[in-house]
Amino acid sequence: MSDITLNPEKTNRGVQELQRDEMTMTRTDANQWQAQAVQYNTAAGVQCPYCGTVNEPDALFCATCGKPLGKVSCPNCGAELDPDADFCETCHHYIRTDVCSFCGARLSGQEAFCPECGSPRGGIVCPVCNTLNDFSFCKQCGTALTEEARQLLKELQKTPEYIEMQALAKELQELDMQLPYSSEKDQVREQLNNKLRERVLSLLAQDKGVAAAIVEKPSKRVPKAELDNRKNDCVNRLTSLLEKMAQVPQPQPAKVRNYAMACKPQGVRLAWECNFKHALHSSPCGCAKPQMGGKWIVLGKNSRQEIKDDK
């Protein structure tokens, strides 16, 4: 057996290997200690993966930063939900107990009324259609239910975009109600009816001994192809305007819902296309994550496109 002291190279290599082993053991011990410390600190709660705050064991969202703590289930029906969803699209219930559904203010979970907007935790019954609502606008008829919603609606109604949007919606509604000429016989028949009308009015005026004052009644009827072109043009202009008014993502779902409902034009069949799943909802009130944004799209009078939360 050779003496290692006579081989400096082997001696140095042996010392280096021993040092590496000691450092590895030290790091392993440190990692184990850190893991045990985290396990000890979170034994009584759930640690937030974003800010490190230890929350209550049954908490769904971090009490410090508000971020979701993990997969959640709907407390009403048990359906699996995204951690940052505030609404269950399966049973149609608002599930957050720490955030006001009407204005987005933070709640302790015990208040009967929101300290910010004064809205009741149990919802508001619409005075127009008697629908119970969890949000500031009625999901059924669109009526503004809170003072904040009414003020928002008043402000938007003064903007040029809203005025133009409502004018286009009215124009489209009138076009949908028009009866087109289906053939040349329809046009001839209408001309004969107008001549008959003028003749009857003239005879009635003669019987009364007065001069006949017949006002020509212009017809709004046009051939079907022309009416369809007018409708398509109106829909395209309205669609372009709705895209400009689309709601961009923002942290508070309540703000998105309120803005979108205030922007909804009346008199036209619409659907809310969310950025969450690109599904069609009757309104943002039926979307689990409206904070991701979305926009209104025109469905038209006879559209068969399926709306996700229609009952």
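The values are calculated or read from the model by the stated rules, or taken from the named source; none is laboratory data. Being a predicted model, the structure only gives us computed values, none of them experimental. All Cβ positions, glycine included, derive from the backbone under ideal geometry; neighbour counts span all protein chains shown. All accessible areas refer to the heavy atoms of the entire protein, side chains included, with ligands and DNA or RNA removed. Shrake-Rupley method; radii C 1.70, N 1.55, O 1.52, S 1.80 Å.
Using the Cβ of PRO265 as centre and a radius below 14 Å, the other residues enclosed give a net charge of 0, where K and R count +1 and D and E count -1.
Peptide packing: for 97-104, 288-295, 208-215, the average count of neighbouring Cβ atoms within 10 Å per residue gives the ranking 288-295, 97-104, 208-215, highest mean first. Quick one: which of LYS185/LYS220; LYS158/LYS295; LYS277/LYS308; LYS139/LYS170; LYS158/LYS264; LYS139/LYS277 span more than 18 angstrom between C-alpha atoms? As for pairs spanning more than 18 Å Cα to Cα, those are LYS158/LYS295; LYS139/LYS170; LYS139/LYS277.
In this structure, the amide hydrogen of SER282, modeled 1.01 Å from its nitrogen in the peptide plane, lies closer than 5 angstrom to those of TRP272, LYS308, ASP309, ASP310, counting only residues at least 5 positions away or on a different chain. A cut-off of 5 Å between modelled amide H atoms, ignoring neighbours fewer than 5 places along the same chain, links VAL99 with LEU107. To put it simply, the accessible area of the range 186-253 at a 1.4 Å probe is 54 percent carbon and sulfur. Count the net charge of all other residues whose Cβ sits under 12 Å from the Cβ of CYS88, scoring Lys and Arg as +1 and Asp and Glu as -1. So the surrounding residues net to -4.
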